[in-house]
1. For a paramagnetic label modelled at 7 Å from the Cα of A:Arg31 toward its Cβ, which residues of the stretch A:65-93 fall within the zone defined by backbone nitrogen distances under 15 Å?
2. Relative to the present Cα-Cα distance, how much length would full extension add between A:Val147 and A:Asp245 at 0.36 nm per residue of separation?
3. Using alpha carbons only, how many angstrom separate the centre of the stretch A:239-268 from the centre of the stretch B:47-68?
4. For helix A:3-21, what angle does its Cα long axis make with the longest principal axis of chain A, in degrees from 0 to 90 and rounded to 10?
5. Explain nothing, just the number: relative contact order of chain A, from Cα pairs under 8 Å at least 6 residues apart, as a whole percent.
6. Find the relative contact order for chain B and round it to a whole percent, using C-alpha pairs within less than 8 Å whose residues are 6+ positions apart.
7. How large is log10 I(q)/I(0) at q = 0.15, 0.18 Å⁻¹ when the Debye formula is applied to the Cα atoms of the stretch A:128-205, each weighted equally and without solvent?
8. If I take R0 = 60 Å and measure r between the Cβ atoms of A:Asn174 and A:Lys132 in this structure, what FRET efficiency does the formula 1/(1 + (r/R0)^6) give, to the nearest 0.05?
Amino acid sequence: MSEHKYREAESRDYFYKIINSIPDPIFVKDRAHRWVLLNEAHAQMIGIPTEEMLGKTDHDYFPKAQADVFWAKDEVVFETGTENVNEELWTDSKGTRHVIVTKKNLYIDEKGNKFIVGVIRDITDLKNTQEKLREAKDAQSRFTSVVSHELRTPLAAIRTGVNIILDGLSGPINYEQRDFLEIVKNNIERLSRLINDVLDFQKLDSGKMHFVIKTNDINEVIQEVYKAMHHLVEKKYLKLELSLDSQIPRFSFDRDRFVQVVTNLVNNAIAFTDKGSIAITSKLEGESVHVAIKDTGVGISEESLSRLFNPFEQAERNDSGKRQGTGLGLAICKEIILKHKGKIWVESKPEEGSVFHFILPLEDKNE
Amino acid sequence: MSKKILVVDDESDILKEVAFILQKHGFTVYTGVNGKEAIELAEKFKPDLIILDVFMPCVSGSEAGKIIKQRDDLKHIPIILLTASVDNIEEKRIECMAEDYVFKPFDYRELLKKIDKLIK
């Protein structure tokens with residue numbers, strides 16, 4: 001054997017070694033759609049030895065309808081030279097169905113002969129996993145919604161019963177009884193908030209939250225929250241200040257959801273502030289609205305800052321302050337704001353206070 | 001004469017509480033435990049307002065509401081839906097042409113406010 005022939009034989013061995021090591025079926029067809037090269041993975045997939053298939057076409061092995069489809073796709077690649085990627089169902093010789101992706105590319109050799117180089121990938125496992133994941137998400141979503149429904153019903157009975165007694169509808173109660181019933185009541189409210197938050201977060205997370213996007217006034221939302229929260233602020237001898245920019249035009253957003261966002265942020269400010277004030281400002285900034293809620297509270301440590309908007313994270317209080325939240329409030333705020341194409345962030349210094357900012361674009365979100 | 005309210009809920013505890021509160025606030029109260037009874041009691045007592053739980057056995061609250069709102073002799077009666085499920089309640093309300101809804105666990109003062117708004 002000449003040196004040249006030997007080298008050629010060696011490089012051919014080397015080439016087959018490589019393509020036969022690849023687990024994805026590989027094929028090459030000439031301009032007459034005849035197979036001229038097939039790897040071992042291909043033979044395994046089709047269940048026919050390579051030697052037998054070489055020189056044949058799709059019409060020799062597959063039902064006419066299917067072979068015609070393969071043929072037509074090959075022609076497109078031959079004529080246009082553009083890559084063709086196609087997902088299809090494939091039933092193997094044992095009758096098992098597979099989902100496969102075939103990628104076909106044009107190759108032109110130095111003599112100008114056209115070939116199709118095809119690679120097939122079996123994505124059955126991937127598809128099954130995706131399907132299972134989707135089912136699991138659906139099941140989780142149904143579970144959350146059923147559980148919350150089942151929790152709300154007894155909670156409704158407990159809440160109403162306690163309120164009947166507390167409000168004296170069933171007769172007078174003494175100071176101590178009232179004191180303990182207030183504890184019961186506060187914890188019912190807390191449990192209700194938790195159920196609502198879990199459900200809201202789950203809906204936002206799975207994209208099932210339904211937004212009512214209408215033209216609204218953000219200052220009106222802030223004023224509504226101000227009125228509702230005023231008494232809570234006074235209870236702690238704090239000042240609640242408003243500074244609203246009257247230049248802000250009406251724009252489209254979900255009003256109720258922003259009452260929820262602002263309520264949440266003000267609630268947090270109250271919970272983490274023992275003296276001083278809470279200030280809410282709104283400002284028109286170009287094509288956006290900027291709302292800030294500033295407090296003079298305990299502040300947030302650098303370490304907590306990065307995790308603050310993650311679900312089930314709560315900023316630690318260094319003092320003995322009670323943690324009242326669900327750990328979902330800020331995660332929900334963030335999701336609502338993101339869904340409105342806005343952003344939320346926080347600036348804080350321990351012992352000095354925090355400022356929560358959010359920005360909403362004025363653009364129409366009704367598309 | 002005191003106003004008449006029909007309360008229908010398959011949860012007997014809630015039914016008892018709501019009836020008690022409404023009586024304490026001067027209403028005459030009739031109660032039922034499913035949608036079928038809601039229609040029968042509405043025919044019999046011609047209440048000024050109906051409070052209907054959405055999910056009930058036999059005939060559901062939303063079905064009963066729909067039937068009541070299609071009857072010429074009953075359709076003028078305002079309906080408040082009561083539900084523990086927050087999903088699609090606005091769709092349900094429109095579907096059975098109810099005037100309002102309240103989520104469980106509700107604050108009964110919120111319910112009283114909505115009643116006042118509808119029948120005062």
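1. A:75-81
2. Working: separation 98, 0.36 × 98 = 35.28 nm, distance 4.30 nm.
Using 0.36 nm per residue and subtracting the Cα-Cα distance, I get 31.0 nm.
3. Using only Cα atoms, the two centres lie 37 Å from each other.
4. Value to nearest ten degrees: 40.
5. On the way: 532 pairs, mean separation 37.4, N = 367.
It rounds to 10 percent for chain A.
6. 22 percent
7. Per q value, in the given order, log10 I(q)/I(0) is -0.64, -0.78.
8. Working: r = 58 Å, r/R0 = 0.97.
Using R0 = 60 Å, I get an efficiency of 0.55.
None of the figures in this text is laboratory data; all of them are computed from the coordinates on show. It should be emphasised that the depicted structure is a prediction, and the values quoted were computed from it without experimental measurement. Virtual Cβ from ideal backbone geometry, glycine too; neighbours counted across all protein chains shown.
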